[in-house]
1. Looking at the range B:331-354 only, could you name the residues that are among the aliphatic types (A, V, I, L, M) and surrounded by 20 or more Cβ atoms within 10 Å (Cβ to Cβ)?
2. Report whether or not residue B:258 is surrounded by fewer than 22 Cβ atoms within 10 Å (Cβ to Cβ), within 10 Å of chain A (Cβ to nearest Cβ), of a type in the set (S, T, N, Q) and closer than 23 Å to residue A:307 by Cα.
3. Can you pull out every residue in the range A:490-519 that is in contact (Cβ under 8 Å) with a residue 24 or more places away in the chain and within 13 Å of another protein chain (Cβ to nearest Cβ)?
4. Could you list, in sequence order, the residues of the range A:520-540 that are among the hydrophobic types (A, V, I, L, M, F, W, C) and either more than 14 Å from chain B (Cβ to nearest Cβ) or in a loop (DSSP other than H, G, I, E, B) (or both)?
5. Out of everything in the range A:396-423 that is farther than 24 Å from residue A:541 by Cα and in a loop (DSSP other than H, G, I, E, B), what residue ends up being nearest to the other protein chains (Cβ to nearest Cβ)?
6. So if I check each of B:337, B:322, B:314, which one is within 30 Å of residue B:360 (Cα to Cα) and not in a strand (DSSP E or B)?
7. Give me the strands (runs of 3 or more DSSP E) completely within the range A:112-199, filtered to those with at least 1 residues that are in contact (Cβ under 8 Å) with a residue 40 or more places away in the chain, ordered by residue number.
8. When only residues in the range A:218-261 that are aromatic (Phe, Trp, Tyr) and in a helix (DSSP H, G or I) count, which is modelled with the lowest pLDDT?
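The values are calculated or read from the model by the stated rules, or taken from the named source; none is laboratory data. Every value quoted in this text rests on a predicted model; they were computed, and no experiment measured them. All Cβ positions, even for glycine, are placed from backbone atoms using ideal geometry, and neighbour counts span all protein chains on display.
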Amino acid sequence: MKVVYNWLKDFVDVTAPPEELASRLALSGTNIGGVENGPHGAVLDAEVGSNRPDCLGHYGIAREVAAIYKLPLKHVSTKPSESAAKASDFVKVDIQAPELCGRFTARVIRNVKLQPSPKWLRDRLEASGVASISNVVDISNYVMLELGHALHTFDYDKVRDQKIVVRSTRPDEKIRTLDGVERRLDPGICMISDGDGSRAVGIGGIMGGAETEISFSTKNVLIECAWFEPVAIRRATRFLKLHTEASTRFGRGADPEMAELASRRCAELILQLAGGELLAGVVDAYPGKRALKKIRVTRAEILRVMGADLPDKEIETSLGALGFAPVRIDHNRGAEGSLLAAWECTQPSWRAEVEREIDLIEEIARIYGLEKFPPRLPAARQGAARLPHHEAETRLRERLIGLGYREILTIPHVAEERDALFRPAGVSPARLSNPLSEEAGVLRSTGIVTMAAALEWNLNHGQRNARLFEIGRHYRLNGTQSSETCILTIGATGAAREKGLYDSAREFSFADLKGDLDAIGQLAAGTQPNGFQWRDGGPDWLHAAKRGKVFLGNAELGAAGQLPRRIADRLKVRQDVFFAELELDPLYEAMQTASASRRYEPLPRFPSVDRDFSLLLANRIPFSEIADSIRSLHIAEITSIEAIDLFRGKNVPPGKYSLLVRITFQSREGTLTDAQINHFAGKIISILEHRHGAQLRAS
Amino acid sequence: MKAHENKTGLPLVQLGITRPEELAALFADLRGRFDADCARAHDESAWKQFRDAWLGRKSGVLTQISDNWLKPATPQLKRAVGASLNELRAHVESQIEARRLAIESGAEEAALAKERVDLSLPGVIRPIGSHHLIRQVFQEIEDIFFSIGFSVVEGPEIETPYYNFEALNIPEFHPVRDDMDTFYIELPKGAPTPLLLRTHTSPMQIRTMERQKPPLRVIVPGKVYRRDNPDATHSFMFHQVEGLAVDADITFCDFTGTVEYFVKQFFGPSVKTRFRPSYFPFTEPSVELDASCIFCGGTGTAAGGGTCSKCKGAAWIELFGAGMVDPAVYGFVNYDAKKVSGFAFGIGIDRMAMLKYGIDDIQVFFQNDVRFLKQFP
């Protein structure tokens, strides 16, 4: 809300310059977004919190200023002269929906002269950012900005039967509002209607109707100043998507007591600026009159919450200035600073949200000054714990970074069609019912979707080499339940090694991906050197010949592989792209188990011997079968079985390949002799020949 | 060489030398020749030849002198010849060794010159990855709070309205809900509760208090979502760290002390803080925490004069919202509001990172351009 500095002076003799005032207001709870010095003096941009409807007018801000500077607040006293004719003879008000409208006041002024407003009025409205229309309309805006209470003026002669009926919406009701828009209404909205109540002339507390609008031909004016139930107003504004100055004020909770005063103030200004005759009295239907609450505040509670004391006088003057009328009620009355001190306060009608002791404590503290409560660092009474998987996640992240992967973070909102590309069969995604756009319509059901987007971004921005990882979640829906699963997603494309002074370039390949994943798998390897196990298969969106499923024991963690051409083409990616995704919870668990069970193994004292076997094998026999057969011999002296070289083509018969296997032997008992090694080699060759038809080539 | 061979090959008598005084010129001549030879031995092979010529056991010059001059010398000459020979031997040996060292170091220098690395060339560059900046900031914040006794917990991003709003004292149609425009999940008809994307990490305040009795101190890092159109300062997904401390005797002073400690740890000891009263339904008193502008040092004036563009001359920058836990919240988790008190805060991580590292567009965090990622190794 725009606060005109000079306007404040109508109610409080503030002398502090506007900038200083802005800072004091901000530090007592009315944040000021900025101070502008315009042709009508300084204007403060007050960011009034939704709990402070009383500060949506200059009078309310002036009350804050008076409390901060300990200055008196000038009360609004207004006594417009009235004619002999009584208002109650000229207008009737019937509130049929007291749950929506707690008070409705009506005043009538006859024979007004509509004309442009005088300069002082136009200036203040202009400074407040409100356009000037005509004196009567401007006055209702002026009073709203002054006292924070919205009013509505009707052309009295257009109101049928001199009667206002306040009721709830009727089925399929519509109204054309002041802004010329025809609006469909929802049940439970407060409608102002006239005559027999069949015609709506306004949406209560939100906007008037077009049919009874003030115009330059208006002679007689009906002033409505009412109070509407805030929750109903907020519900209605949300349904109508219609936010007005009035709906903001009523929706946050206006002051029901202010309704009559604002109406009187409005009448006074109309008489002053538009002439006419004010009918005597006010028609005031007030079914929602509330008893003012009594609230107690004690020093003991102030100390318990705030942790530091303040003098009685500060408590009393701040509460008093804000209208809470504090009265000491404890048995130690008069004992300054008593720890037993208690005050009874009366909730002012404009502060409906202050209901509890804590609310009063906040009021006292903010006026006294939060900076006066000395900060201190409390002692911890307990040990602190990291997340259960903190260590595992940290180690995983460090390993990935060591392997050359950069961590990314993505927004999980993706296009449905993109998600579907990578979504496993049978998975229902979590769709948004109100997305910002179709491009962000579902939450990713796999991290691959956003990883692909990150790679695309880089390729489109001239970065052809990228190795990325993300530790995040994927989101799915199981019936009416959502699930969030922690995942590691890897994406890689471009050079595994760039051309440099010392090395030639090499493109990233499936073997790179597998090696990197196995380096992660090692984190979960126990005393046996077995991390991840790889099995054939994987999702359809991976290259049928270059993919694999990753297992840890019997648990399938995920899959890895290359993006097939057909999908790469759809994504307009022209180079080879590799992805992997692993579920993290089982991996973390295995890492923790492995880490807890890891023990030192004494280093061998005797030398190891390598023996190479050059094998000619049928294409269908994978390395793992060879290794498994060798292991099945249970030769304890074998410490490793590695594939050293692989060759197809020239000098190798079709349908076969040549594999060079290096086996390392070592004994803990002594140095192995040639005879022993030859004995082992014989057994190995024999099993490979018999089981796999392997031919030993001269190496 | 020929010359001394000739001379040293003959006994002294044949050279006509009979008196010791005549030896001096003879040895001086030899020494002159040695020095000249020595100077000519430039490399290892020349040096070896030179060494053998003088010190060779069978036919070296010194052996010849010993055989031909010393051994047959007359008794009156023998002592003088021996002395001169020793003197010459000492000279020859020391000079030959000196020459060897000189040649060796010369060769080394030549070799070094050939092998010297160019330090201005890069080494072999192994690809090393990097942490995402948001993750680094998360870690830094987590470490600060961990050091003062805050445990870390996580929670779901897909939440129910109960945890995101109601239990935080934000009933339906509360005006605050308008400020937190919310994404909802499309559910089949008959779903027991609507699901939404949490608009803050605060639901974990409730979930934590439901699980645990005071004293408790936790922080909750995570993603949050608000349905804002993206621009340089808004993203519909961003990150928060929620904090919550509840105990029998936690006061506002403990609260301000804790968050002030955090700000000074994070931005540096010279940064000042101030607390502005504010409003959140789940805290009371509520505050906005401001820090003295870290770009202009809290002066409001930019280094080159003029108004600081970051704080717009205000000298203060808004950091995050916080406050004492509203007693109404305790009602939802069966805590006795008369016996416990606490504080809560919600730090926007993206904003902290932008302030600390001078980033002016929140979108760069989520584009994941490798050129951005490389800047924060």
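1. Once the filter is applied, which keeps residues that are among the aliphatic types (A, V, I, L, M) and surrounded by 20 or more Cβ atoms within 10 Å (Cβ to Cβ), the range B:331-354 yields B:340, B:344, B:347, B:349, B:352, B:353, B:354.
2. Considered against the rule, which asks whether it is surrounded by fewer than 22 Cβ atoms within 10 Å (Cβ to Cβ), within 10 Å of chain A (Cβ to nearest Cβ), of a type in the set (S, T, N, Q) and closer than 23 Å to residue A:307 by Cα, residue B:258 comes out as no.
3. Answer for the range A:490-519, where residues must be in contact (Cβ under 8 Å) with a residue 24 or more places away in the chain and within 13 Å of another protein chain (Cβ to nearest Cβ): A:490, A:491, A:492, A:493, A:494, A:495, A:498, A:508, A:512, A:516, A:519.
4. Answer for the range A:520-540, where residues must be among the hydrophobic types (A, V, I, L, M, F, W, C) and either more than 14 Å from chain B (Cβ to nearest Cβ) or in a loop (DSSP other than H, G, I, E, B) (or both): A:523, A:524, A:525, A:532, A:534.
5. A:404
6. After ruling out the rest, the residue left standing is B:314.
7. Qualifying strands (runs of 3 or more DSSP E): A:152-155, A:163-168, A:182-184, A:190-194.
8. A:239
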